[in-house]
1. If I model a spin label at R507 and E641 as a point 7 Å from the Cα along the Cα→Cβ vector, what separation in nanometres do I get?
2. Could you tell me which label, among (i) 107, 60, 56; (ii) 143, 89, 69; (iii) 88, 79, 56, carries the value of Cα extents along the principal axes in Å calculated for this structure?
3. Multiply the residue separation of S619 and D758 by 0.36 nm, subtract the distance between their alpha-carbon atoms, and state the gained length in nm to one decimal.
4. Once you have a ≥ b ≥ c as the square roots of the Cα gyration tensor eigenvalues for segment 575-671, tell me rounded if a/c is under 1.5, and otherwise prolate or oblate according to whether a/b is larger than b/c.
5. Would you please give the residues with an amide H less than 5 Å from that of L55, counting only those at least 5 places away or on a separate chain, with H modeled from the backbone geometry?
6. Where does the chain land at 222 nm, in deg cm²/dmol rounded to the nearest 500, when only DSSP H runs of n ≥ 4 count, each adding -39500 (n - 2.57), divided by all residues?
7. Taking the Cβ-Cβ separation of A709 and A181 as r and a Förster radius of 30 Å, what is the calculated FRET efficiency to the nearest 0.05?
8. About the Cα centre of the chain, what is the dipole size in debye to 20, counting +1 per Lys and Arg Cβ and -1 per Asp and Glu Cβ, all else neutral?
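Each value in this text was obtained by applying a stated rule to the coordinates, not by laboratory testing. Predicted model only: the values in this text are computed from it and were never measured. Here the Cβ positions follow ideal geometry from the backbone for every residue, glycine too, while neighbour counts run over all protein chains shown.
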Amino acid sequence: MDIWNWVNKLEDDLKEAGQGEAARIIDRFTDDVAELNIDKADALFPEVLALSRSLKNPWLEVFVRHWHLRNRVGSRLEGESALATSVELFEFAHRPETMECPQSVCVTQDLSGCYANIDGPGWVDERIAVCEETLARIDASWNCFHCLSCEYAEALLDDDRPDDALAFLQQQEEKITSTTADDCLSIHNFQIKTLLNMGRYSEAMELFDRTDELAKTYQWQKNNQFRSLLKARCLAGLGRDEEAMEAIPAWSDLVPEFYMDWVDASKLLLNNSSERNNWQLGRLIQKMLDHVSQVGAHRHTITLAVWHAKLALARGAVWTARRSLDVAYQHLPKLNKVRGADLLLDSLKLSIDQTNDNSSLPVAADQLLAWLEQRAGEGESRNPEEEAEWLLQATLARPDDEELIEMASSALVACGAVAQAKSVLWTFVETHLSVESVLAYRLLDILLDEKSDPSSQSEIVRLADAYQPTLPAVALWCRIKQAQHQANWPEVERLCKQMIDVVPEYRGPRMMLAEVSMQQKLFQQAIECYQQLVEQTDEPRNILWDLMTAASAAEQWDLVRETAEKIDIKLTPGEGEINEDWGWVRLRMDDRDDEVEYYGQFIGPVTAKVLQLAAPNNSQCYGDVVVIDAGMLETPPEDEEQRKEYTAVYRVVHTLKRGNYGDSWFIDGVMPSEEQYQDFVDAIEQLGWQIRVRSSTEYQLTDAQNPEAEPLNGIYFYLAAPANVTAAEINAKLLELTESWQHDWCWFTLAEKADAPDVERHRGLIERYGL
């Protein structure tokens, strides 16, 4: 049973009702979850949830809330923090109006997964029971039969029953293959994971290789990341470390769902090469530990903390080991069943207590910074984990030494010990509230960086409140940065004006006011801010560029010319709008939740014209005249030859004029004769329409009606017409221009939009040529 059928039909109905954007939002939401765009998915969730409720469609609400939990319980590995939401959805999905929704079955996976995150081994019996109950309601033809089978097998793994898990997965695979033509990739992936847990690396590698071609048909990042880690574990287990390091995903791409798989791969690599156990590895583990602790994944927290502590002991970082043990003990009472975790932690505590702690200061506290600097100058590599313990001891002896405390906080942050860094900074700040210190801003920066910690926002308020009686300017800056962090532009504007009144000589709030004025399209206010900053600044060149951006957005061309002259930019004499040819530029801009980039032409110091069609479903901007921020987004290559080929990229901040082109449409098919194609292009140009060819010269197609013939050269491209040309008119013109060709082109989406009578013909072309 395809549990997506009803969703696809709903989206078709929405499109037919003129609500195509609503259908696209649903698709974009599920795509973001599967592509591991976890922040984007979280940001979009309120919109799709509101859509489901506005449509009064409880099935859609189950679907949306399920995918939200796939993001939270799945990608984010949330445990106790998602339990109430998981239970609420389970109850909602089993009401009379939602019970028949296919995704009500999937909700079982959410609840089981949440308990697995909280304490997998401690909730084994309950997880198995709920999976058995739900599997009994469906058969192998259901898509979620695969997911629930994997949930069941994972529970068996958590119960230290890998043989049973392997046998169960084999049984489920046989049910699927005997009932449907579906592949069993998710089952195979868990078979590989089970074999790896059993140390059967050769068998796991053999199964991985056997399923590799099948896996390539699943391009979702969720599958790719899991497969990459399975491969890395296989290779590391076989001693093929260099290949394993190539397979393992970059840390910056890793999502919490796969932290424990990353740990398993890293353990194998460390067995083969202990020099990898360094403070940089410790920092990554600390980041994982902080996350799983924060989201209430209690068993994972203890597992990670124990490994972190053992590695720290092995590299002599006793303070790291102690801190990890403290975290583990905090989560011990929160397990559903202890299952030996208490004995494990007691044994670790004994090992730490018996370890010789060589943490005494190498020199006197007042000489430590100079000594560390001297060591670095002599070629000694810096080790923040080693230095942090010395620095912490020195701060106890010198609690008023700002430089020492700043260095200690930096070392702690480098090791991932952010909570401890904050504690050190808070101690100083709260005892020095009458003195403006760089440490207050250091603390503020750390709090602003903690995007995933909800308590950081209340700590910023606490910091501002602490300074309010003694240094109101510092308090205001804290509130300004918090409002900026929350994208509350009116509040940023209000607070900046208040701070300018308090300390008019400070440039920071005026610069911030200029930036937020640009954000709110208050260009005259931005111009006034930049003009005042020019007066306040000895070297105002960069500010003059910003002034030109604001003046261009306000279309004050005399001011643009006057400002350009001040920084030696030669413009063609004249008045009014500037329209010159200064070569190619790449223009980066936001489009809905995505960032897109188009080629354009500079027509002024900070203005350009977009000369590239948007992709279908993106907002059309061909022919738009835009204003840019003058700061380059990329550093040009140093090599002189590469610089000749390089096109600089800038961010678009405002659109001055629209090009007035409609949506782009995707057209695909067999390349006609050279003469026919040129006639087509000439006709399109005469109409004032635009084409953007996307296929390469190697693109070829096979005609299913003549399969023995040689492959045919193909072409696909985007086409856009002026906004006043309807889809029906475009459809009719394309039919007219291509009617005499041997092979028809396909423009399925355009035909649908035009409500053309031959939509099915286009569907047939897709099948005939494999488009």
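1. Spacing of the two 7 Å Cα→Cβ label points: 4.2 nm.
2. Given (i) 107, 60, 56; (ii) 143, 89, 69; (iii) 88, 79, 56, the calculated one carries the label (iii).
3. Between S619 and D758, full extension yields an extra 47.3 nm.
4. Oblate shape, in that a/c is at least 1.5 and b/c is the bigger or equal ratio.
5. Hits under the 5 Å cutoff: none.
6. -18500 deg cm²/dmol, from helical runs alone.
7. Efficiency, from the Cβ-Cβ distance: 0.55.
8. For this selection, approximately 1680 debye.
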